[in-house]
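Input: a single structure, listed below in structure tokens.
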Amino acid sequence: MRLPALLLALAFAPGLAPAASAEDPAIPAAEQAAENLRGAVEALNSAQGSRDRVAALTRTIQAYEDGLASLRDALRRASLREAEITADFDAKRDRIGQLLGVMSAMERDSAPLLLLHPDGPVGTARSGMILSAVAPALETEADALAAQLAELARLRQLQAETSQMLAKGLEGAQGARTALSKAIQDRTDLPQRFLDDPEELTALVASADSLDAFATGLASMETDIGAPMEDFAGARGTLPLPVRGTLLRGAGASDAAGIRRPGILVETSPGALVTAPWPATVRYRGPLLDYGNVMIVEPASGYLLVLAGLGTVYGDTGDLLETGAPIGLMGGGAPGDGLIAANADKTGGGERAETLYIELRQGKEPVDPGPWFIETRKD
């Protein structure tokens with residue numbers, strides 16, 4: 001194919017690459033996530049000397065979790081955008097080669113020579129007209145290609161920087177969790193407990209053959225631990241989830257084994273912080289059957305909130321918790337393992353996760369906890 005004809009074919013065939021678009025959202029999202037993470041580092045330094053270290057460290061860990069989740073999401077989106085651009089290049093490999101060949105020939109040969117045509121002056125004039133017509137289109141193609149290559153380079157740089165920031169963030173989050181555990185052990189400002197692991201509770205733990213049986217027995221126990229006076233029933237639909245995560249299964253839904261449970265299941269990252277969504281009194285904390293560590297709190301008279309599947313639980317029976325008080329950490333090995341796995345598999349498919357089971361009981365009967373939480377209610 002002669003050069004003018006090839007130019008014409010390239011200019012008016014389907015576009016080589018999309019026109020340069022606005023900056024991909026993954027880039028500013030990653031930059032904002034990195035800024036949030038830097039804020040968490042500063043908060044950790046401030047929390048070490050805070051008068052209320054437990055509350056300060058709790059806020060710091062939550063800042064780390066938010067920043068790390070945003071950073072992980074930005075890393076995933078950047079990886080997907082990189083794959084999209086690369087696939088576009090692969091699909092149009094032949095036309096890219098043709099375009100580069102034509103541009104190389106035009107750069108190598110002088111303009112007067114390109115305008116010469118074997119058909120004489122008329123052919124030369126026609127070639128000149130074709131060149132003048134297709135030159136802007138070729139420039140547009142070249143600009144679009146250059147824009148995509150520049151974006152690809154920036155995305156790869158972003159992924160490298162984000163991976164480093166992710167590793168530092170995970171280290172900082174682990175340091176904050178360790179500091180929180182020590183601060184909780186050292187604190188002396190909680191309201192005085194009214195009782196400490198009574199014999200009746202110990203016997204109930206030993207005899208219970210199911211979570212339902214244990215919760216029912218616990219609701220029946222006489223206790224001198226007072227429940228908070230706030231209007232828990234009136235807070236329906238306004239509570240935050242106790243842990244940062246996403247709803248995996250609603251109340252009454254079947255699991256893989258076909259078992260239906262009255263509570264909800266929330267998927268979280270390993271080591272995630274679990275906090276009290278409402279002022280409550282601790283009625284039980286510790287291992288129970290095959291649920292891992294369980295925390296049962298009384299947010300109001302006649303109600304019990306059951307949180308099962310924790311790796312670490314804080315406090316003791318009888319402690320009075322404020323809204324947002326830390327009550328434990330999810331298990332799953334070293335905190336942050338799930339985020340590290342997500343970094344290794346940037347699409348998120350390799351991420352390991354933990355699950356927190358949440359059950360709400362009114363009297364001796366379980367009720368659907370979903371409508372109480374903002375993230376799970378159905379408007």
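Near the amide H of W278, within less than 5 Å, lie the amide hydrogens of G324, all on another chain or at least 5 residues away, with H placed in the peptide plane.
Heavy-atom accessible area, probed at 1.4 angstrom with all protein chains present, ranks S220, S79 as S220, S79, highest first. Accessible area ranking (1.4 Å probe, heavy atoms, ligands and nucleic acids excluded), largest first, for R77, R38: R38, R77.
The accessible area of R236, taken with all protein chains in place and a 1.4 Å probe, comes to roughly 130 Å².
Over all distinct alpha-carbon pairs, what is the Kirkwood Rh of region 201-320 in angstrom? List each step's numbers first, then the result.
Numbers: mean 1/r = 0.0652 Å⁻¹.
Across region 201-320, the inverse of the average 1/r is 15.3 Å.
Close amide-amide hydrogen proximity is noted between Y314 and G328, each under 5 Å apart and 5 or more residues distant or on a separate chain (H modeled in the peptide plane; Pro and chain starts excluded).
For Y291, Y357, give me the order by solvent-accessible area with a 1.4 Å probe, most accessible first, ignoring ligands, DNA and RNA. All intermediate terms of the calculation are to be shown ahead of the outcome.
On the way: Y291 55, Y357 20 Å².
Sorted descending by solvent-accessible area, the residues read Y291, Y357.
Scanning residues 5 or more positions from G252 or on other chains, those with amide H under 5 Å from its amide H are R261, G263, with H placed 1.01 Å from N in the peptide plane. Annotation for region 152-170 versus region 258-314: alpha-carbon center distance of 35 Å. Using the Karplus relation 6.51 cos²θ - 1.76 cosθ + 1.60 with θ = phi - 60°, the per-residue 3J(HN,Hα) values for region 264-269 come to 10, 10, 10, 8, 9, 7 Hz, with x marking Gly and Pro.
Sorting the segments 269-276, 162-169 by their mean number of nearby beta carbons within 10 angstrom, highest to lowest, gives 269-276, 162-169. Remark: region 144-161, residue by residue, has Karplus-estimated 3J(HN,Hα) of 5, 5, 4, 5, 5, 5, 5, 5, 4, 5, 5, 5, 5, 5, 4, 5, 5, 5 Hz, where x stands for each Gly or Pro and the curve is 6.51 cos²θ - 1.76 cosθ + 1.60 at θ = phi - 60°.
Given a Förster distance of 41 Å, report the FRET efficiency between S181 and R154 from their Cβ-Cβ distance, rounded to the nearest 0.05. Computed FRET efficiency for S181 and R154: 0.55.
The values are calculated or read from the model by the stated rules, or taken from the named source; none is laboratory data. Model, not experiment: these values are computed from the prediction. Cβ sites come from the backbone with ideal geometry, for glycine too, and all protein chains shown count toward neighbours. Accessible surface is based on the protein model in full, side chains and every heavy atom, while ligands, DNA and RNA are left aside. Shrake-Rupley method; radii C 1.70, N 1.55, O 1.52, S 1.80 Å.
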